[in-house]
Every structure is written in structure tokens, then in C-alpha cells.
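Asks: Sending over a structure as C-alpha cells; questions will come in a sec.
The values are calculated or read from the model by the stated rules, or taken from the named source; none is laboratory data. Treat the numbers as computed from the prediction; the structure is a model and nothing was measured. Reconstructed Cβ throughout: ideal geometry from the backbone, glycine too, with neighbour counts over all protein chains shown. Heavy atoms of the whole protein, side chains included, go into the accessibility calculation; ligands, DNA and RNA do not. Shrake-Rupley method; radii C 1.70, N 1.55, O 1.52, S 1.80 Å.
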Amino acid sequence: MTDKKRKPDPENMAPAKEIKGGKLLVFRVILVLMPIIILAFIELLLRITGIGKEIPLFIEDPENANYLQINNDIARRYFLDANAAPGVQYPAFRKEKSEKTFRVVVQGASTVAGIPYKKGGAFPAMLEQRLKKSLPGKEIEVINTGITAVCSYTLLDLADDITKINPDAVIIYAGHNEYYGVLGVGSSQRLGRFSGLVRFYHSMNRLRLVHIMKKAHAAFAGRKTAEIISRPNSTLMERMVREKEIPFGSELYDQGVDQFRINFTKLADKYRKKEIPVFICTLVSNLKDLEPFLGTGAPEAGNETGNADHYFTQGRKYYHEGAFEQAKSQFNLARDYDQLRFRAPSEFNAIIREVADKKGAILVDVQEVFEAYSTNGIVGEELLTEHVHPNIQGYFLIADACYHALFISGIVKEWDHLISAESARKELPVTEVDSIYGLIGIRILKNSWPFKDQSPDKNQIQELFTPESYIDSLAYDLFMEQISWGEAMNRLYQYYLSSGQYEKALTVAYALQIEIKNTGVPHNMAGRIYSELGRFDQASTALKRGFEIEPMPQIAYNLGSSLIKAGKPVESVQYFEYFLGFHPDRQDVASKLEIIKVLENLDEQIQSTPDSTELYVYAAYQYLLLNQRNISDSLIRVAYALDPNNALVQKLLNKPVN
């Protein structure tokens, strides 16, 4: 006999217990929080196991724990595919900000980075050089955070990192990358067209889990993105573009405008809440000498409205006729209606002015400055290398505008003196190698898309630039990454020394001072050149700064020697004594110290007996022992005035230098 399966009897079943009141609420809360708890657990597990990593803006300098530097991988925080992210390398700065520190942070993209030049060609470096001259009692830090190919989303996200280092001011120059910069509405590196989604992505971007997801996205990216990233001979400009046609007034165009307005407003608000002064620069682009990248061709008669090519043709016509205001208007329209949006439209400068006015930021009207220095008030190749990046003169004008804006703002009360533009230009930290490096980059860019329908690889560079001198070869090797920038500068410095080009050698030292802040070596290099030029006071100032940064025995010796030549032997004692602490066997230095101590005693005696011929003669003799004939001769002249017939005076007048 088999058992039959019993069917459930609904009437005899026990009723299910109903969850009521507080227990139901707890159950619902747990249900809602469960995904968050799971994600939090995964994040904790990733951190414990060391999988994934955070990418902060600032990291400790591996060569000096007292300094911070920009994270070379910071762009990977934003690019969906890390292979597309450009590297970033800027000078380190002190981790601890002192009372003497005046710290300025500059935000932006490739223009802030100084493209196409190296190092001192960037306007933040030029600004720092000039501020150091104006504020010798302060430690000047102009911290460059420019990242190529980013837009306002990145600037907004970086603001939290920037506020943590307590800047005294923030300068912003950005806007040209708003459509094609990473996460822009027309970019190959975008999440979508909804700004809220992008900002949410940024808010979650510090999580290890997000980095794992980004790696997965890169591994399974769509064909479109993969094709763009895998083109090794294409320029970054080409690789960043997804939407080549963004017509004026289109949905994508308007989204870019809204994106810029919202992000810039939020950015200004962040700094205002932290009471950090913000300087926002207007933008400049090539109007007169750059045809639209993507116009719509020659229009039919009566159908010219909205045609970028037509506006540009009309602009040239008016310009050649001398109607410059009409020409400027047409050139502006040509830029605004250019459908390939590598130049910010006019509307962006209007937004910059609006945000500065409403949020209490300080407007730096770079556009007005460039127009003032452009022929007939229309910006073109006089100040720009191509579509938006300035040449050396253009970068200097941006630095000059920011310099005067900082002065007028009154942020620094102890401003010693203004450095004229003429003086500042003479000491720009831009070497010949840096300039030629930029020239090579410009030639390659202008022979690539979107300027031309081709993309030259490195094998074709020699066709565009053939080195004709030693300096050309240094720049070429630097561009081809066969030598480092530091090696190029060392070779250039030695070349200038050997050929007696001391002023140019000084420029190398200036560039190194801006770039390498945690060593006194560049200041020692400058001190050596100043001494060669007979400018001993400047040599002493440079060497003192170098010794403060890094008390190297060699700097101490050079500083002691320059102080003697500057007629300040007593000041040299501490530096020679410091040097002897490392090199006690240097009898020549010990002898100098003995002579200096004799001179110190003689100086006191001369003060009390100013009419003693013998004292002046004895002091003159001591300076001869120090090989300082000029100072010795000046003392002999005093002794001669007191007693022209003195035998010792007559003897020393003809005394050769030892």
C-alpha cells in the first residue's frame, strides 16, 4: 500500500504571522540598506586586500618627504580608459605652509599646462618668477594643476583637494575643452549627456570599487571608444572627439553651455565658502588667422545665415577694407558657428563675467589684454600658436594680467615693489630648448587632424623639423624622449658656460629654480653666473636662498666667496666655518677665515681712529691676500688722501695680486 501525497487543507493551515509596526519598518530599512551594506563590505574588502587604488591630486614627493607634488596619474581619475589619460608633471612644493608662504593654485587644462612649451613656458611659472622678485620676503608657490584634455567637471572635482592645501588664491583659466574634454558632451570619454550622472560619478570616484568598474569598462568598451584609443599616431585632440558636428544652438551645444555655467558657478561657490579669493580669466582664441575647422562650405546666395565659412570670408573682406569692428564681429560669428568645437564660443566669456560678478570672484580680462596687444584689436597668430594656445608672448600677457590682478586685489599687504613688464620679460624662465621644443610640437600639430587630414608618426618628424645646431639637437632629443628635461638643461647650461653666454645660462638657472624647489643647486648655478658677470650682491642673494633650501657645503663656500667680493667679508665667516665642518683639511679656507677675522678687528679700529693711514694700509694688504684688488685699491686711495707720501702707501700702489 502506497502513501498518497496529502494535499494541503487551507482550512486547517495555521495563518502566517503578520509583521506589524516597528518590526515591519526595520525589515524595510534593512531591505533598502542591504545593497549599500554589500557595496560597503566589498569596498572595505578591496581596501584591506589592496586591490584598486585611490588617486589623490597631491602625493608626497618620493625624493623629499617635506614636499608634495602633483600626482602624475591624476588624469586617470577622470578618463574612463586609463590608456587615454595624459601624464602630469609639475614642481613639488612644501607640505607645510609657513607664515612666509604665499600660495597660489592655478586650475585649467592645456593652456595652463603651457602647451606646446615645456616647463617655464607655462604662464604659472612666469607668474611665480615675477612674484618672487616683488615679494622677496615671502616663499612664493604658484602651483600648476593644469591637466590636458579636461573640462569644468574635472576642475570642480579637484576643488576639494585644492582647498585642503589652504591656497591664498586660486586662478582659473578654462573653457576651450568643454565639449571634447574628458566627460564633456561631445567627448569620446563621456558617460552620457546628463550632468547629474557625471557629478554623481565624480562623487563616487574616490571608491576602490569604482576603479575596478572603470577597468572593467575599459576591458569591455565599445568598438567606437576602442578604435579611438588604439590609434597611436593620432593626436590627443583627435582621440578625444566623438561628436564632430555640434551645430550652434543644437541640443548638444546647449548642454555644453549649461554644463559650463553650472560647473563654474559651483566651483566659484566652493572657494567662496572657504573664503579663498578666486581669479577667473576670460578666454582667447585665434579669430583672424584660423579658418573654421568645420564650416558648411560656400553657401548659396541668400542662405548665408549660420554658415561659419561665410562669416570668416566676410571677416577677411572687412579686415582688408579696414573695417575692423565689422571684421571682428564676423570673425566671432565664424568661431561661434564652427561645428567642430575646439574653441569656446563667445557665450562662455559672458558666463565667466556673470559668474565673477555674482559670486564675488575677481575677473582677469585676458581677452581685453590680448585685443589690446593685437594688430587692429583682433586676436590672431601674433599671440597664438594655433587655435587657442598662446606663444611665449601670449603666455607672458596672461601671467602679466594675473600679476596685476593679484596686486590690485590687496591680498598681499607687504608688496615690496612692482616689477615692470620690461624687466619681467628679461628674466622669463623659458630657455631656447623649451622654445624649440614648442616649435616642433606646433609643426606636428598643424600637420595633423583637424588642421590637416593626416596624422604624422614619429618617423615623419624629421621631415617637419631638422636640427641645425647643438641647441636644436637638444630640443629634438628632448621631444623624442631620448633625454630628460633635466639632462637637457644641464647640457644647455654647460654649453652656455663654455661659450661665454652667461645671460642665457642665467635663464637656464631661472627655469630650474621654478621647476626644482627642493634643492639649492639651481640657485648655486645662478650665483656662479652672477659672479662671472661681476654682480656679487645678486650672487650673494641667490646663494643665500640656495643655502636656505639646502645647506650644501659647496653653496656655503661659494656664498662666502661672493660676500668677500661684494665687500662683506665679515658676513662670510659663518659660511666658511660651515664649509670647514665638512672639509677640515682645506687650509686655504682656514687661512681666509684668519684674514677675515683680522679685517673684522681692523674695521673696529678704523671706526674709532678714522684718520690712521697705517690701519687703511694694513686693511688694504689683507684684501690683497684675499685676492680682492678692487677693494684694496679703494682703501689705498683713502690712505693716499690721508698721507700721499707714506712709503707703505707707495709700495701697495704697485703691489701685484697674490
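Asks: Just give me the residues in segment 72-87 being at pLDDT 90 or above and either among the acidic types (D, E) or surrounded by fewer than 20 Cβ atoms within 10 Å (Cβ to Cβ) (or both), in sequence order. Walk me through it before giving the result.
Replies: Of all residues in segment 72-87, those at pLDDT 90 or above come to 72-75.
Result: N72, D73.
Asks: Also: For segment 492-513, which positions are surrounded by fewer than 23 Cβ atoms within 10 Å (Cβ to Cβ) and either in contact with a Leu (Cβ under 6 Å, 6 or more places away or on another chain) or among the β-branched types (V, I, T) (or both)?
Replies: Of everything in segment 492-513, just one residue is surrounded by fewer than 23 Cβ atoms within 10 Å (Cβ to Cβ) and either in contact with a Leu (Cβ under 6 Å, 6 or more places away or on another chain) or among the β-branched types (V, I, T) (or both), namely Y502.
Asks: Now a separate question. Here are the criteria: (1) closer than 22 Å to F102 by Cα; (2) hydroxyl-bearing (S, T, Y); (3) surrounded by fewer than 21 Cβ atoms within 10 Å (Cβ to Cβ). Tell me which single one Y395 does not satisfy.
Replies: Status for Y395: all satisfied but (3).
Asks: Something else about it: All but one of (1) assigned to a helix (DSSP H, G or I); (2) under 28 Å from R261 (Cα atoms) hold for M126; which doesn't?
Replies: With respect to (1) assigned to a helix (DSSP H, G or I); (2) under 28 Å from R261 (Cα atoms), M126 is out only on (2).
Asks: Sticking with this one: What number goes with the only condition from (1) under 16 Å from W485 (Cβ atoms); (2) open to solvent by less than 30 Å² (accessible area, probe 1.4 Å); (3) not β-branched (V, I, T) that Y437 does not pass?
Replies: (2)
Asks: If I ask for residues that are among the polar types (S, T, N, Q) and not in a helix (DSSP H, G or I), which ones from segment 358-378 would you list?
Replies: So in segment 358-378, the residues among the polar types (S, T, N, Q) come out as 367, 374-376.
Within segment 358-378, S374 is the sole residue that qualifies.
Asks: Hey, does segment 476-486 have a residue that's under 21 Å from A399 (Cβ atoms), open to solvent by less than 30 Å² (accessible area, probe 1.4 Å) and out of contact with any Lys or Arg (no Cβ under 8 Å at 6 or more places or on another chain)?
Replies: No, because not a single residue in segment 476-486 is under 21 Å from A399 (Cβ atoms), open to solvent by less than 30 Å² (accessible area, probe 1.4 Å) and out of contact with any Lys or Arg (no Cβ under 8 Å at 6 or more places or on another chain).
Results for (1) hydrophobic (A, V, I, L, M, F, W, C); (2) in contact with a helix residue (DSSP H, G or I) (Cβ under 6 Å, 6 or more places away or on another chain); (3) surrounded by 20 or more Cβ atoms within 10 Å (Cβ to Cβ), shown as yes or no for each residue.
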site: F331; (1), (2), (3): yes, yes, yes
site: D336; (1), (2), (3): no, yes, yes
site: R343; (1), (2), (3): no, yes, yes
site: S346; (1), (2), (3): no, yes, no
site: V355; (1), (2), (3): yes, yes, yes
site: L363; (1), (2), (3): yes, yes, no
site: E368; (1), (2), (3): no, no, no
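Asks: Another one. Of the conditions (1) open to solvent by 10 Å² or more (accessible area, probe 1.4 Å); (2) modelled with pLDDT of 95 or more; (3) closer than 30 Å to A424 by Cα, D161 satisfies every one except a single condition; which number is it?
Replies: Only one criterion is unmet by D161, namely (3).
Asks: Before we move on, is D611 open to solvent by 30 Å² or more (accessible area, probe 1.4 Å), part of a loop (DSSP other than H, G, I, E, B) and not small (G, A, S)?
Replies: Taking the combined requirement at face value, the residue satisfies it.
Asks: Right, next: Among residues belonging to segment 116-162 that are among the basic types (K, R) and touching a residue at least 24 places away in the same chain (Cβ under 8 Å), point out the one that is farthest from F348 (Cα to Cα).
Replies: K138
Asks: Tell me which residues, restricted to segment 556-585, are part of a helix (DSSP H, G or I), open to solvent by 40 Å² or more (accessible area, probe 1.4 Å) and not hydroxyl-bearing (S, T, Y).
Replies: N558, K565, V570, E571, Q574, E577, G581, F582
Asks: Here's a follow-up. Would you pick out the residues in segment 244-272 that are open to solvent by 30 Å² or more (accessible area, probe 1.4 Å), in contact with a helix residue (DSSP H, G or I) (Cβ under 8 Å, 6 or more places away or on another chain) and either hydrophobic (A, V, I, L, M, F, W, C) or closer than 30 Å to I440 by Cβ (or both)?
Replies: The answer is F248, I262.
Asks: Name the single residue, out of those in segment 573-594 being of a type in the set (S, T, Y) and modelled with pLDDT of 95 or more, that is nearest to K544 (Cα to Cα).
Replies: Residue satisfying both the conditions and the ranking: Y575.
Asks: Give the number of residues within segment 546-558 that are out of contact with any Ser or Thr (no Cβ under 9 Å at 6 or more places or on another chain) and at pLDDT below 95.
Replies: So the answer is 1.
Asks: Can you pull out every residue in segment 94-123 that is of a type outside the set (V, I, T), in a strand (DSSP E or B) and over 26 Å from P390 (Cα atoms)? Step through it out loud before you land on a result.
Replies: Keep residues of segment 94-123 that are of a type outside the set (V, I, T), which gives 94-100, 102-103, 107-110, 113-114, 116-123.
When the remaining residues are screened for being in a strand (DSSP E or B), the result is 94, 102-103, 107-108.
Hits for segment 94-123 are R94, F102.
Asks: So, in segment 514-530, how many residues would count as being assigned to a loop (DSSP other than H, G, I, E, B) and in contact with a Lys or Arg (Cβ under 9 Å, 6 or more places away or on another chain)?
Replies: Selection size over segment 514-530: 3.
Asks: Oh, and also: Among A350, A344, A356, which is the only one that is without any contact (Cβ under 8 Å) to a residue 24 or more places away in the chain and among the aliphatic types (A, V, I, L, M)?
Replies: On inspection, the qualifying residue turns out to be A350.
Asks: Since M213 meets every condition but one in (1) part of a helix (DSSP H, G or I); (2) modelled with pLDDT of 60 or more; (3) open to solvent by 20 Å² or more (accessible area, probe 1.4 Å), which condition does it not meet?
Replies: (2)
Asks: May I pose another question? Residue by residue through segment 531-546, note down the ones that are surrounded by fewer than 22 Cβ atoms within 10 Å (Cβ to Cβ) and in a helix (DSSP H, G or I). Quick ask: steps written out before the conclusion?
Replies: The first filter runs over segment 531-546 and keeps only residues surrounded by fewer than 22 Cβ atoms within 10 Å (Cβ to Cβ), leaving 531-538, 541, 544-545.
S531, E532, F536, D537, Q538, T541, K544, R545 - these are the residues of segment 531-546 that are surrounded by fewer than 22 Cβ atoms within 10 Å (Cβ to Cβ) and in a helix (DSSP H, G or I).
Asks: Which residue pairs have Cβ atoms under 6 Å apart, sit 6 or more places apart or on different chains, and have a first residue in segment 537-563 that is over 22 Å from N627 (Cβ atoms) and a second that is at pLDDT below 95 and open to solvent by 10 Å² or more (accessible area, probe 1.4 Å)?
Replies: Pairs that qualify, where the first residue is over 22 Å from N627 (Cβ atoms) and the partner is at pLDDT below 95 and open to solvent by 10 Å² or more (accessible area, probe 1.4 Å), are E550/T519.
Yes/no matrix, rows are residues, columns are (1) under 24 Å from L563 (Cβ atoms); (2) at pLDDT below 90:
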site	(1), (2)
V598	yes, no
N601	yes, yes
I631	yes, yes
R637	yes, yes
A647	no, yes
K651	no, yes
N654	no, yes
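Asks: Give the number of residues within segment 65-112 that are aromatic (F, W, Y) and within 10 Å of the chain's Cα centre (by Cα).
Replies: Of the residues in segment 65-112, 1 are aromatic (F, W, Y) and within 10 Å of the chain's Cα centre (by Cα).
Asks: Does D588 satisfy the condition of being in a helix (DSSP H, G or I) and either open to solvent by 30 Å² or more (accessible area, probe 1.4 Å) or closer than 29 Å to P553 by Cβ (or both)?
Replies: Judged against the criteria, D588 is a match.
Asks: Right, next: Is there any pair linking a residue in segment 629-651 that is farther than 9 Å from V617 by Cα and touching a residue at least 12 places away in the same chain (Cβ under 8 Å) to one that is open to solvent by 50 Å² or more (accessible area, probe 1.4 Å) and among the hydroxyl-bearing types (S, T, Y), with Cβ under 8 Å and at least six apart or on different chains, and which?
Replies: Matching pairs, first to second residue: N646/Y640.
Asks: Which condition does P91 not pass, out of (1) of a type outside the set (S, T, Y); (2) open to solvent by 10 Å² or more (accessible area, probe 1.4 Å); (3) in a loop (DSSP other than H, G, I, E, B); (4) modelled with pLDDT of 95 or more, if it passes all the others?
Replies: Condition not satisfied by P91: (4).
Asks: How many of the residues in segment 506-528 are without any contact (Cβ under 8 Å) to a residue 60 or more places away in the chain and among the polar types (S, T, N, Q)?
Replies: Summing the residues that are without any contact (Cβ under 8 Å) to a residue 60 or more places away in the chain and among the polar types (S, T, N, Q) in segment 506-528 gives 2.
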